[in-house]
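The values are calculated or read from the model by the stated rules, or taken from the named source; none is laboratory data. Note that the coordinates shown come from a computational prediction; the quantities given were computed from them, not determined experimentally. A quick note on method: Cβ atoms are made from the backbone with ideal geometry, for glycine too, and the neighbour counts reach across all protein chains shown.
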Amino acid sequence: MLDKLCSCEPHKKVFYLVVIFLAGLFIFWGFRIVEMYTSITGNYPREITVEGDGKAYVTPNIASITLGVMTNGKTSELTVAENSKKVNKIIEELKNFKIDPKDIRTTDYYLNQGYNYEGKPDGYTLNQSLVVKVKDFNQIGEIISKTAKLGANSVGGIVFDVDNKVEVKSRAREEAIKNAKATAVNIEKQTGLHLTKVKNYYEYENPSYGGGMGGGGEMMALSPSPNVQPGQQEISLKVTLTYQVD
């Protein structure tokens, strides 16, 4: 009797394994059949995405001026020393305009060796750029004129901006969402679809560019201080709303 029971144990194990395999196969194909039925009949969550644009305008309250200093010299040491002298004088002059040191930063510093027409080394050229943030626009023209006399021989441009765009973006966002919702309402009227809750939201800011100007420092030094007008800056947002369709 004991021998018969022992001989049945391997068969039981095989039987259990077959049952487990068939059960798993049944569950797998059960889910697959439901998925295929859902995709055929269209009984799945449907969504539609609409877009809206919004704009807001604001008068800039900060301006960034790029001042370039180019110095030529016979040796690298003399070139660096002469350039540093010019830049230090410019920075000291900027302090006279009550410009905070943290609003003055170096963005470029390139020292290159020059060559003559025979291809032999012929001195050095150093290019350095300072970006200065100015909050009093009435000072811009005088800053350009005075720093040009001290060695700022190029003005890369003036870029106007807003130091805090949160409130302006909020106004642009409100208009963009309003326009997107209006589009959703029109789609409902024109198609008969029923749009329910918003399932997803996305926004991005369209690039806007401030005004700019450029010119040689020597020309600025010899001419009257330029009159600079910031105008208005446009903040543009695009939003997308994804609605569930019943």
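In the stretch 78-95, the condition of being in a strand (DSSP E or B), of a type in the set (S, T, Y) and at pLDDT 90 or above is met by no residue.
Determine, yes or no, whether Q190 is out of contact with any strand residue (DSSP E or B) (no Cβ under 7 Å at 6 or more places or on another chain) and at pLDDT 90 or above. Answer is yes for this residue.
Among the conditions (1) under 29 Å from the mean Cα position of the chain (by Cα); (2) assigned by TED's automatic domain parsing to the domain that holds L126; (3) hydroxyl-bearing (S, T, Y), S170 misses just one, which is (2). Looking across the stretch 188-204, the residues that are charged (D, E, K, R) and either surrounded by fewer than 13 Cβ atoms within 10 Å (Cβ to Cβ) or farther than 12 Å from T240 by Cα (or both) come down to E188, K189, K197.
Just one of the listed residues (K102, K89, K95) is in the same structural domain as S145 (by TED's automatic domain parsing), surrounded by fewer than 14 Cβ atoms within 10 Å (Cβ to Cβ) and within 18 Å of A152 (Cβ to Cβ), and it is K95.
Scoring I91 on the criteria (1) without any contact (Cβ under 8 Å) to a residue 40 or more places away in the chain; (2) closer than 24 Å to K120 by Cβ; (3) hydrophobic (A, V, I, L, M, F, W, C) leaves a single failure, condition (2).
Within the stretch 119-168, being part of a strand (DSSP E or B) and among the polar types (S, T, N, Q) holds for T125, N127, Q128, S129, S154.
Evaluate the following for K12: is it modelled with pLDDT of 90 or more and surrounded by fewer than 11 Cβ atoms within 10 Å (Cβ to Cβ)? Criteria not met by K12.
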